[in-house]
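The values are calculated or read from the model by the stated rules, or taken from the named source; none is laboratory data. Predicted model, so just to flag it, every value in this text is computed and none were measured. Quick reminder, even Gly has a Cβ in these numbers, built from the backbone with ideal geometry, and neighbours come from all protein chains shown.
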Amino acid sequence: MSCTAARLKTRIGDPTSWHATVDTVTVPARKELLDRFAAVLADLGARHGLSNLRHGGAGTVVADVEAGRTYLDLARFELEAESLLGTSFTVVSSDAPRAGRIVAGPLRSVDAA
């Protein structure tokens, strides 16, 4: 079964020019996938000032953010991780109010075999 689902998106504008286009939406990254790529994600996170990556639920990772980093660093990490994993991915700063409601366990490296 594919990790993507088709979504119908309608362009809004002049009714005579309305048409439908198909866009793809990916499902959130699964825990097993995040664990499989834990070492790579840790390295990628370090390049964007993120450390102590841990599971935060479906497709969500909680991370400590280095002082002086911004939401742009988190966004760049998300984009690169999504590209690597081929699925949707969200990172939440451990300082964010939302992070306090997330039960987070560490990412655990497993063999890719």
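Assorted remarks:
- Flag: GLY68 matches the condition of being modelled with pLDDT of 90 or more and not in a helix (DSSP H, G or I).
- Region 35-64, residues that are in a helix (DSSP H, G or I) and touching a helix residue (DSSP H, G or I) at 6+ places or on another chain (Cβ under 7 Å): VAL40, LEU41, LEU44, GLY45
- Residue match in region 93-112 (condition: β-branched (Val, Ile, Thr), modelled with pLDDT of 85 or more and exposed (fewer than 14 other Cβ atoms within 10 Å of the Cβ)): no
- Selection status of LEU41, modelled with pLDDT of 90 or more and under 15 Å from PRO106 (Cβ atoms): yes
- Counted residues, region 61-78 - those being among the aromatic types (Phe, Trp, Tyr) and over 17 Å from ARG98 (Cα atoms): 1
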